[in-house]
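Visitor: Input: one structure, supplied below.
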Amino acid sequence: MSFGKIYSYPNNPRVFKALVAAKLNNLDVAYPQDFQMGVTNTTEDFKSKFPTTRVPAFEGADGVNLFDSDAIAQYIAESGPQADRLLGSNPAERATIRQWIAYASSDFMPLLTQLVLPRMGITKYDTSIDEKYLPMFHKQFKSLDAFLEKRKYLTSEKEWNMADVSLVAALWWSFAFIAGEEERQQYPALMRWFKSVTEDDVVKSVFGEVKYTDKIVIPQ
């Protein structure tokens, strides 16, 4: 039985984190590939359910409508038997996981967006963008690498949870556009963690193969 569906443009890592939670919870969540940004999300039917017109947007089979990727992922994670594993089983665990989810969405993702969107051709590229944001990007990578040096996962030594999946989703385009082979070698603990999570069968079945760039992509 369908649990719901998520509207967004194809191959959105912010959708993938919710789909990982759905897969682990054995929930049937559809991700239609016919969504058209600026078309689908501007119809009256869409706006009646999601007034901000933001995506991802989730339409539940039970009538629940959500438009924030973290809210969607949390709702799906909490709606199945693996809720405690994914989100924590006590206040301390839940808060610790939540802080990493917030960091991924509020701190890292906006920074990465500044660097990646010009490389996707969505916004105009200028060298001043790299001059401003690349040092900030590497500062975050350095901090994450130091934190993970003696840790298997972000909040647990046993298994990954939504903290890890959310950060993987935020980092996803880093390795396709920004962090080349030389840069990746500077962050061994971060790369060990990233590969451990992304090579997990459940995570990999949703995210697919990681695309690694040999060197930072410079738009022409």
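A short reminder: the numbers here are calculations on the coordinates, not readings from a lab. Remember, predicted model here, so these are calculated numbers, not experimental data. Ideal geometry is used to build each Cβ from the backbone, glycine not excepted, and the neighbour counts take in all protein chains shown.
Visitor: Could you tell me which of Thr213, Leu190, Thr123 has its Cα farthest along the dipole of the chain towards the positive end, charges placed at Cβ (Lys, Arg +1; Asp, Glu -1), taken about the Cα centre?
Guide: My answer, from the dipole projection, is Leu190.
Visitor: Could you calculate the contour length gain from Met120 to Val64, that is, 0.36 nm times the residue separation minus the distance between their Cα atoms, to one decimal place in nm?
Guide: Roughly 16.9 nm would be gained on extension.
Visitor: Still on this structure, please answer the following. Evaluate the relative contact order of the range 89-207 (contact order divided by residue number), counting alpha-carbon pairs under 8 angstrom at least 6 apart; express in whole percent.
Guide: Across the range 89-207, relative contact order equals 33 percent.
Visitor: Using the Karplus equation 6.51 cos²θ - 1.76 cosθ + 1.60 (θ = phi - 60°), what ³J(HN,Hα) coupling, rounded to whole Hz, does each residue of the range 142-157 give in order, writing x for Gly and Pro?
Guide: 5, 5, 5, 4, 5, 5, 8, 4, 10, 10, 7, 10, 5, 10, 9, 9
Visitor: Using a simple charge model, +1 on the beta-carbon of Lys and Arg, -1 on the beta-carbon of Asp and Glu, nothing else, what dipole does the chain show about its Cα centre, in debye to the nearest 20?
Guide: For this selection, approximately 300 debye.
Visitor: Here's something else I'd like to know. Step through the residues of the range 63-75 one at a time and calculate ³J(HN,Hα) from phi using the Karplus curve (6.51 cos²θ - 1.76 cosθ + 1.60, θ = phi - 60°), rounding each to whole Hz and writing x for Gly and Pro.
Guide: Coupling constants for the range 63-75: x, 6, 10, 9, 10, 10, 4, 6, 5, 4, 4, 5, 4 Hz.
Visitor: Please state, as a whole number in µm²/s, the translational diffusion coefficient that the Stokes-Einstein equation yields for the range 89-207 at 20 °C and 1.002 mPa s, with Rh defined as the Kirkwood radius across alpha carbon pairs.
Guide: Value of D from the Cα-based Kirkwood radius: 142 µm²/s.
Visitor: Give me the distance between the Cα centres of the range 45-87 and the range 116-142, rounded to whole Å.
Guide: One Cα centre to the other: 30 Å.
Visitor: Further, regarding this structure: What is the set of long-range amide H partners of Gly4 at a cut-off below 5 Å, with H atoms built 1.01 Å from backbone N?
Guide: Placed amide hydrogens put Ala30, Ala61 under 5 Å from Gly4.
Visitor: A follow-up question, please. Using 0.36 nm per residue of separation minus the Cα-Cα distance, give me the extension gain between Tyr212 and Ala71 in nm, one decimal.
Guide: Answer, rounded to one decimal: 47.8 nm.
Visitor: Still on this structure, I have one more. Take the range 4-84, compute every pairwise Cα distance, and split them into 5 Å bins from 0; I just need the percent in each bin.
Guide: Computed distribution, short to long bins: 3, 17, 28, 27, 15, 7, 3, 0.
Visitor: Step through the residues of the range 118-124 one at a time and calculate ³J(HN,Hα) from phi using the Karplus curve (6.51 cos²θ - 1.76 cosθ + 1.60, θ = phi - 60°), rounding each to whole Hz and writing x for Gly and Pro.
Guide: For the range 118-124, the Karplus curve yields x, 7, 8, x, 7, 10, 6 Hz.
Visitor: Taking the alpha carbon gyration tensor of the range 87-144, what are the square roots of 5 times its eigenvalues, largest first, to the nearest whole Å?
Guide: Value: 31, 13, 6 Å, ordered largest first.
Visitor: Let me ask another. I'd like the antiparallel share, as a percent to the nearest 5, of DSSP beta bridges with both residues in the chain.
Guide: 65 percent
Visitor: Here's a follow-up. Given only helices, namely DSSP H runs of n ≥ 4 each adding -39500 (n - 2.57), what is the per-residue ellipticity at 222 nm of the chain, to the nearest 500 deg cm²/dmol?
Guide: Rounded to the nearest 500, it is -15000 deg cm²/dmol.
Visitor: While we're on this one: Once Rh for the chain is found with the Kirkwood sum over Cα pairs, what is the Stokes-Einstein diffusion coefficient at 37 °C and 0.692 mPa s, in µm²/s?
Guide: 180 µm²/s
Visitor: Run the reach check for Lys211 against lysines, Cα to Cα strictly under 18 Å, same-chain hits fewer than 8 apart removed. What comes back?
Guide: In chain and number order, the partners are Lys17, Lys195.
Visitor: Follow-up. Taking Cα centroids, how far is the range 1-27 from the range 190-220 in Å?
Guide: 19 Å
Visitor: I've got another one for you. So what's the range 54-157 giving for Cα Rg divided by 2.2 N^0.38 Å, two decimals?
Guide: That ratio works out to 1.34.
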